[in-house]
Amino acid sequence: MAPSAQPDDAKSSLPSNPDHLKFKRQIEIEGPNSTAKDPHYLPTWNPTQKYPPLEPFEYVERGKDADPSFKDLLLEGSTLEDITPSMGSEIHGVQLSKLTNAGKDQLALLVAQRKVVAFRDQDFTELPIKQALDFGGYFGRHHIHPTSGSPEGYPEMHIVHRGPHDTTFDTLFENRLTSTSWHSDVSNEKQPPGITFLYALETPKVGGDTGFANLAEAYNRLSPAIKERLHGLEAVHSGFEQAEGSRKKGGVVRREPVASVHPLVRTHPATGEKALFVNTGFTRNIVGLKKEESDALLKFLLDHISNGGDFQARVSWKPRTVVVWDNRVTSHTALLDWSSAASRRHLARITPQAEQPYETPYVK
Ligand SMILES: [Fe+2]
């Protein structure tokens, strides 16, 4: 299957300067009149950052033995409202940075169940960056993104940024009908991310929402005959195109890309739910099928996910919002629907890696 548009990971306003060797800093690109509210979070691209291949690590599933009453998470005075019946919740009155370990375990379970949860009025942006990273590190080893911008000195922090007057994407619709690009983050890694945190520093007044799709429900909707056939199949997820895209723009490639083979249907270690694990951003072909067969089956599955408005949720951003999703059972897409003319969109992602995807036998 032909590679699609690059996922959001590769789109963090990379300056299109073909100079491969220059250490680029967004703050210098903007100059002394920069209006950034959190300049220490502005992205930098350091070409001397080079990392060896990722080694396997032992992942601990925090949600597995968590108390399902959520008593250490949903503290007195907090409110939880569902965004849709099948996925997505919004919580007020909980300060994530103050959670006990029991509360964090319950957070992992709640996010596995609801797939994406938005927490409003959080203090992450006021904490030292290291403290925010330490919080996320409880959920798994930090993934260092191979191509994205990061705050200077913190390569583990993935920055999504589009500055005011950045016209990089204003021409997108000259060649594309939509910016929609469903993906699970860096699913090409051997141990792709699980519980993932993205928090907002600056956002447009309206626009720039993120769309999420519930891949467990996408699996559930399939007929028993198709479900049964998908079990045992594996797909190739490749990061080579993303790295190549960055190189072409003069961006960094901190670690050489890899491709991994993952089951088409994976099982979640905390909930036992099965979920489709394919996405437009990284999944290239199904192992053992001929090209036309693989292309047709992947197209069917990817169309099913992108057409499933009744198992998707759209999350709106406000400054001080932290959105937590489970990357193992969701796809998401950026929605580039706002003009760059007056608005900065600036978010920071903490991306703990999880287990190597595995499948359990089909159950009728
Ligand atoms: Fe993403």
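The values are calculated or read from the model by the stated rules, or taken from the named source; none is laboratory data. Just so you know, these numbers come straight off a predicted model, no measurement behind them. Backbone-built Cβ (ideal geometry, glycine too); neighbour counts: all protein chains shown.
Annotations
- Condition check for ASP326: within 30 Å of GLU202 (Cα to Cα) and touching a helix residue (DSSP H, G or I) at 6+ places or on another chain (Cβ under 6 Å): yes
- Candidate set: the stretch 344-364, residues that are within 24 Å of GLY232 (Cα to Cα) and at pLDDT below 95; chosen: the one nearest to the ligand (Cβ to nearest atom): VAL363
- Among the candidates ARG266, ARG284, ARG314, ARG320, residue that is in contact (Cβ under 8 Å) with a residue 40 or more places away in the chain, within 16 Å of the ligand (Cβ to nearest atom) and among the charged types (D, E, K, R): ARG314
- The single residue among ARG120, ARG141 that is closer than 30 Å to GLU241 by Cβ and surrounded by fewer than 22 Cβ atoms within 10 Å (Cβ to Cβ) turns out to be ARG141.
- Verdict on HIS161 being in contact (Cβ under 8 Å) with a residue 24 or more places away in the chain, buried (at least 19 other Cβ atoms within 10 Å of the Cβ) and over 28 Å from GLU61 (Cβ atoms): yes
- Condition check for PRO43: touching a Gly at 6+ places or on another chain (Cβ under 6 Å) and modelled with pLDDT of 95 or more: yes
- Selected residue (criterion: nearest to the chain's Cα centre (by Cα)) from residues of the stretch 150-167 that are away from the ligand (no atom under 16 Å from the Cβ) and of a type in the set (Ser, Thr, Tyr): TYR154
- Qualifying residues in the stretch 174-201 (those that are more than 16 Å from the ligand (Cβ to nearest atom) and under 18 Å from the mean Cα position of the chain (by Cα)) - the one surrounded by the fewest Cβ atoms within 10 Å (Cβ to Cβ): LYS190
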